[in-house]
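> If you scroll down you'll find the structure; I have some questions about it.
The values are calculated or read from the model by the stated rules, or taken from the named source; none is laboratory data. Everything numeric here is computed off the predicted structure, so don't read it as measured data. As a convention, Cβ positions derive from the backbone with ideal geometry for all residues, glycine included, and neighbour counts pool all protein chains shown.
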Amino acid sequence: MAGAEEAPIDIKKIQAKCKKSIFWTAWYLCEFQKLSLVLHFAMAMWFQKGLAEGNRWFLCMVPRGHFKTSLLNIAYIVHILINDPNKRILMCMHNLDEAKKKGRKIKHILQGRAMRLYFPGLVPPPDARRNVWTATEFSVTRTIESPEASVTLAGVKSGIVGGHY
């Protein structure tokens, strides 16, 4: 409709939804707009329920191309960091190149428009990113000093020694 004004964005409401649900983190912060309210919302709720019950191993049998990695890996890492920016995460994939590929996507999200709008306090300023963001490590703004970055990327055969993740 021409001339219609957009409804104002309720930032606090969206922040709360993102903090509560991996699905809404994926939708609003990661901007994964192809997710389905039926399949992906249910998948996110199943995953979060399993985590809350103490499960750490999951088998998600959904066909290729259905955004499993986007939701249960990329969005989950963003979800962890918006809830506790002091967490340290080791993302290990079958090889370092694949981990770096996913890491680039996470970095893009963490410095993107949606993060700057909804969680601006977590986005490090560009000069800070230059000092600590590498191809295999990056951090959000946090309140602790730690030798480990917020996210460290590795392959199965990477020689990661002595980290606290």
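> Looking only at segment 72-102, count every residue that is acidic (D, E) and in contact (Cβ under 8 Å) with a residue 24 or more places away in the chain and tell me the total.
The first filter runs over segment 72-102 and keeps only residues acidic (D, E), leaving 84, 97-98.
With the extra rule that they be in contact (Cβ under 8 Å) with a residue 24 or more places away in the chain, the set shrinks to 97-98.
Counting residues in segment 72-102 that are acidic (D, E) and in contact (Cβ under 8 Å) with a residue 24 or more places away in the chain gives 2.
Matching residues to (1) in a helix (DSSP H, G or I); (2) at pLDDT below 95; (3) out of contact with any Gly (no Cβ under 8 Å at 6 or more places or on another chain); (4) surrounded by fewer than 10 Cβ atoms within 10 Å (Cβ to Cβ):
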position: E6; (1), (2), (3), (4): no, yes, yes, yes
position: K13; (1), (2), (3), (4): yes, no, yes, yes
position: E31; (1), (2), (3), (4): no, no, no, no
position: M45; (1), (2), (3), (4): yes, no, yes, no
position: G65; (1), (2), (3), (4): no, yes, yes, yes
position: T69; (1), (2), (3), (4): yes, yes, yes, no
position: V78; (1), (2), (3), (4): yes, no, yes, no
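> Check segment 48-71 and report whether any residue there is closer than 14 Å to V140 by Cα and touching a residue at least 40 places away in the same chain (Cβ under 8 Å). Please lay out each step first, then the result.
Filtering segment 48-71 for residues closer than 14 Å to V140 by Cα gives none.
Checking segment 48-71: not a single residue is closer than 14 Å to V140 by Cα and touching a residue at least 40 places away in the same chain (Cβ under 8 Å).
> Could you please let me know if L90 is of a type outside the set (D, E, K, R) and closer than 24 Å to L153 by Cβ?
It is true that L90 is of a type outside the set (D, E, K, R) and closer than 24 Å to L153 by Cβ.
> Among helices (runs of 4 or more DSSP H) lying entirely in segment 81-136, which contain 3 or more residues that are surrounded by 14 or more Cβ atoms within 10 Å (Cβ to Cβ) and at pLDDT 95 or above? Before the answer, list the steps.
Details: elements: 96-110, 113-118, 126-132.
By residue number, 96-110, 113-118.
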